[in-house]
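Undergrad: Dumping the structure here so I can ask a few things about it.
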Number of protein chains: 2
Amino acid sequence: MISKKMQGFVANSSAIRAMFEEGKKMAAVYGADHVYDFSLGNPNVPAPDAVRDAIVDIVTGEDPVLVHGYMNNSGYEDVRTALADHLNGLYGTSYGAENLVMTVGAAGGLNVILKTLLNPGDEVVTITPYFGEYRSYAGNFDGVLVEAASVPGTFMPDLADLRAKITDRTRALILNSPNNPTGVVYPEAVLREVADLLLEKQKEYGTEIYIISDEPYREIAYDGVEIPWIPSVYPNTVVGSSFSKTLSLPGERIGYLLIPSEVDGFADIIAAANVATRILGYVNAPSLMQRVAARCCAEKTNVGYYDRNRKLLYESLKEYGYECVRPEGAFYLWMKSPVEDEREFVAKAKDEEQILIVPGRSFGCKGWVRIAYCVAYETIENALPGFKRIAEKYGL
Amino acid sequence: MISKKMQGFVANSSAIRAMFEEGKKMAAVYGADHVYDFSLGNPNVPAPDAVRDAIVDIVTGEDPVLVHGYMNNSGYEDVRTALADHLNGLYGTSYGAENLVMTVGAAGGLNVILKTLLNPGDEVVTITPYFGEYRSYAGNFDGVLVEAASVPGTFMPDLADLRAKITDRTRALILNSPNNPTGVVYPEAVLREVADLLLEKQKEYGTEIYIISDEPYREIAYDGVEIPWIPSVYPNTVVGSSFSKTLSLPGERIGYLLIPSEVDGFADIIAAANVATRILGYVNAPSLMQRVAARCCAEKTNVGYYDRNRKLLYESLKEYGYECVRPEGAFYLWMKSPVEDEREFVAKAKDEEQILIVPGRSFGCKGWVRIAYCVAYETIENALPGFKRIAEKYGL
C-alpha cells in the first residue's frame, strides 16, 4: 500500500529511533530508573530560563496576530536581522536578514538546501561515520549519498579518499563538526586542506561544489577547543544550524540556514530556498519560536553539565578497557565495540544491562557504537557497573 | 546553480505569496491603512485567550525537558489521545492515539501522506479550482496532479469529469471542503456520489484510491451548514487538518493527519507516515504547540467575526454587479472577473485602488479571483469604494 521508496526507508529505518522507542517500552517494564537510555540526542539539560521568560513575555506582550501568523516564508525580517547581527558579532562577518532562512530545525534546513541544489543522480559526499539521516535527505531529492572515509583513530576526513570520491556529479559535501557521532572537531588546518581540494575539483570539473556545514553542536565544545567558522575558510559554504541543542529545544523544530552572499549563485539559491521552504510543506519555521530565538540566541546552554558527564563516562569506560574517542564537542561518545559485530554488543548491553546505545552501522561505520551522554549524571553513574560487567565478560 | 525542478517551481511560484510580499512593500509606500490586502489566508482574528493561557501554563508548570524535547515522531501520545477523544466526541468514532500523526501544519501532513503513498508517475486528482500548492506537493514525490472539473456556478465536483479523470494510476483524490478558494461546502449527497464512484473504480482497477480530505477550514462554516465527516462516507479516507485557522495559529505549523484503522493497509501506512515525518526533515510537529493543541482543541475561533466580514463583502460586491459565489465556509470569496483575463482585473485593482486579490489561474481556474476576507472589518469597509469604482469602469 505504500510507495516503493518508503518501503526502503521503513525497512532501513533509524536504529536510533527504534532504540528510543524500545527504551520507553523497557521503562514501563523495568522502571525508568532501571533503564539507561543513551540512544537519542535529546538534551536532558532544560532550556535556559530566558527561553521561558521570553515565551511568556512574547505571548503576553506582543500582538498574537503577528506572533502566531504567517510571515515571509524565510522568516520574520526582524528575527533574521537579530540572528545576522549575532553571527556578525561572533565571526566578524557582515551578514544581513537576506542571508538567513529560518527553518524547521537543522533537518528542515538541510532538506531545503538539498531540494534547492540537487538534480536526480547528483552526489552528496559526507565523511564516515555520519548522521544516518543524511542518506534519507539526499534520497528525498533523488540524490546519491557518497561516503568518504575518515582516518582511523582520529576520525578526521581522509583527504586521499575524499579526493577519490569527488566527481563531476558532486554537488555538495556535508561536514558536521563538532561531529555526531564521534564528538571530534575539525581544526582549521584540516578544513583548509578540504577547502583546497574542493577549489581544485571545482576548477577541474567546472562545477560548483558547496560545503553544507551541519553544525547544531557548534556551541557545545570542551577544553576551549576552537570551532572554525567554515564560510571564512571556503566561501561556497552554506551553514545549517538549530537551537535544538544550544537552547535545548529539539522538539520545537527551530533552526536556520545561513547562505552568505559570497556563495556562487547566491541570488538564485536564496530565492529558491525561500520557495523550497514553502513547497516542502514547512511553509515557515514555527513563528513563536522564531521570536524566542531572536531574543535568546546569545543564551548559552549548560556546557558544564555535559562536560561533567563526558569526563565521568570517558574516564570510566577507558578504565574498564574500552577503546573510546575523547569527545571534543557535541554530547556523543564514540566507542569501539569489544566484539567485531557491534550489534551483538548493543544487544548484550540492552538485554543484560538495560543499557541502550546505537550500533555504528547506523552511522556507516561497523564495529563501533554511539553513546549519547546528554542524560542525567545519575544515569551514567548507574549504568557504569553494567558497562564494567560487559567489559569483564568480553575480557577487556 | 539551482536544480531544474526548483527552476520550475520558482518560475511558477505562488501568486498568493507574491501578492502578500507586494502588499508589504505597498504598505511602506502608501501606508498600511491605504493598502487593502485580501491576498493571504492569514487570520486577522487573534488566537483565543485560552491559547495564551495554555502556553503560559505549560511553560511555567510543565517540565521543560518534556515540553521542548523530542518525542515519538508521530507526536506525544497524550496529545494524540486528547485529539482522538475530541474527534470521537464530535463524530461518534472510536479513534485512538495510534490513528494520529501530529504534523507541521496541514501542508506538512499532506506531504507526509503523499510521500507515504506515491510512486513516481502516480496520479493525484483534485477538483478545480484548488489550492495551487497541491501541484507542488504531488510533484515533490514525482506524482502528477490531475485536475477534474467542477460544475460551473455551484463549484461542486463534476462527477462525469471526475469519472473520466480516474485511471489505474490514480492513487488519491484530494478533497477540500469548506473549499479554498470557492468557500463552498460539499454536502453529504455529493460526497456519497464521489464515494460510490471511487468504490467502483477501485473494484474496476483492483487498486486502492484514497481520499485525502484537506480540511483546515472545517470549523469555519456559516448559517448552520453541515460539514459531513468524510471517513464515515468513504472508509479509505485520510484526514489532514491543522489549527492554523481554527485557533489562528498559521505561523506555528501545528496540524495532524488522522489515519483511521479502516483505511486499506493501515498498519503499513501509519508506520510509513511516522518514518516520512522524520525523513522529510520535519522530525516532529512543534512540541509546545502540540501540547497547546491538546488543551485547546475544543476552543472555537470567532466565526462571527468572519461571518460579519462575509456578509458585508458578499452583499456589497453583489450590489456593485459582480458575480460571486456565496461562501458557506472558510474565509474566501470567489468572484468572477469582470473581464476575461482576470490578471487584468487583478492588476487594475492593485494599481488603481491598492486592493490585493489573487488571480484564479493560481487555483487552476481562469476568469475568476479569490478575495481572502480574514481581514479587519474596516479593511473591507475602506476597500469597498474601490471595488465599486472598478465595477463602474467595467460597466457592471
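Here, each number is a calculation from the coordinates, and none is a lab measurement. As the structure is a computational prediction, the values presented were derived from the model and not from experiment. Neighbour counts run over all protein chains shown; Cβ positions are idealised from the backbone, glycine included.
Undergrad: Roughly how many whole Å is it from the C-alpha centroid of segment B:310-357 to that of segment A:273-344?
TA: So the two Cα centres are separated by 52 Å.
Undergrad: Defining the label point at 7 Å along Cα→Cβ, can you sort the distances from A:LEU159 to the same site in each other copy, shortest first, in nm?
TA: Its label point is 7.4 nm from the equivalent points in the other copies.
Undergrad: Now a separate question. Among A:THR81, A:THR379, A:THR154, A:THR237, rank each residue by its count of other Cβ atoms within 10 Å, from fewest to most, as a rough exposure measure.
TA: Working: A:THR81 16, A:THR379 20, A:THR154 12, A:THR237 24.
Arranged by neighbour count, lowest to highest, A:THR81, A:THR379, A:THR154, A:THR237 become A:THR154, A:THR81, A:THR379, A:THR237.
Undergrad: Further, regarding this structure: Can you say what percent of the DSSP beta bridges in chain A, counting only those with both residues inside, are antiparallel? Round to 5.
TA: Counting DSSP beta bridges with both partners in chain A, the antiparallel share is about 50 percent.
Undergrad: In debye, nearest 20, what is the charge dipole magnitude of the protein assembly as shown about its Cα centre with +1 on Lys and Arg Cβ and -1 on Asp and Glu Cβ, if you could check? Can you show the working numbers first?
TA: Values: 76 positive and 104 negative charges, 153 e Å.
Approximately 740 debye in magnitude.
Undergrad: Also, quick follow-up: Consider the operator that turns chain B into chain A: which B residue has a Cβ nearest its axis, and what is that gap in Å?
TA: Closest Cβ to the B-to-A rotation axis, residue and whole-Å distance: B:PRO286, 2.
Undergrad: Give me the inter-chain shielding for B:109-116: mean count of other chain Cβ atoms within 10 Å, whole number please.
TA: Partner Cβ neighbours, averaged per residue: 3.
Undergrad: Could I ask something else about it? Taking the 0 to 90 degree range and rounding to the nearest ten, how far is the long axis of helix A:49-61 tilted relative to the main principal axis of chain A, both from C-alpha atoms?
TA: The angle comes out near 40 degrees.
Undergrad: So for the protein assembly as shown: antiparallel DSSP bridges make up what percent, rounded to the nearest 5?
TA: Looking only at bridges with both residues in the protein assembly as shown, the antiparallel portion is about 50 percent.
Undergrad: For segment B:14-86 and segment A:27-102, compute the distance between their C-alpha centroids and round to whole Å.
TA: 15 Å
Undergrad: Can you give the average number of partner chain beta-carbon atoms within 10 Å of each beta-carbon in peptide B:260-270, as a whole number?
TA: Taking the mean over all residues of the peptide, I get 1.
Undergrad: So, one more: Enter the mean number of other protein chain beta carbons within 10 Å of the beta carbon of each residue in A:46-53, as an integer.
TA: Averaged over the peptide's residues, the number is 3.
Undergrad: Now, a different point. Got a sec? Charge dipole of chain B, +1 on Cβ for Lys and Arg, -1 for Asp and Glu; which of B:GLY251, B:GLY153, B:GLY31 is way out at the positive end?
TA: B:GLY31
Undergrad: If I take every Cα pair under 8 Å that is 6 or more residues apart in segment A:1-98, average their sequence separation and divide by the length, what percent do I get for the relative contact order?
TA: 14 percent
Undergrad: Please list 3J(HN,Hα) in residue order for segment A:37-44, calculated via the Karplus relation 6.51 cos²θ - 1.76 cosθ + 1.60 where θ = phi - 60°; whole Hz, with x for glycine and proline.
TA: Each residue's phi maps through the Karplus curve to give 9, 10, 7, 10, x, 10, x, 8 Hz.
Undergrad: Taking +1 at the Cβ of each Lys and Arg and -1 at the Cβ of each Asp and Glu, which of B:ILE211, B:ALA172, B:ILE380 sits farthest along the dipole of chain B towards its positive end, judged by Cα position relative to the Cα centre?
TA: Ranked along the dipole, the leading option is B:ILE380.
Undergrad: Could you put B:TYR137, A:TYR205 in order, starting from the residue whose Cβ has the fewest other Cβ atoms within 10 Å? It would help to have the intermediate numbers written out before the result.
TA: Working: B:TYR137 26, A:TYR205 14.
With the sparsest Cβ surroundings first, the list reads A:TYR205, B:TYR137.
Undergrad: If we count every other residue with Cβ under 12 angstrom of A:ALA50's Cβ, Lys/Arg +1 and Asp/Glu -1, where does the sum land?
TA: After counting each charged neighbour, the total is -1.
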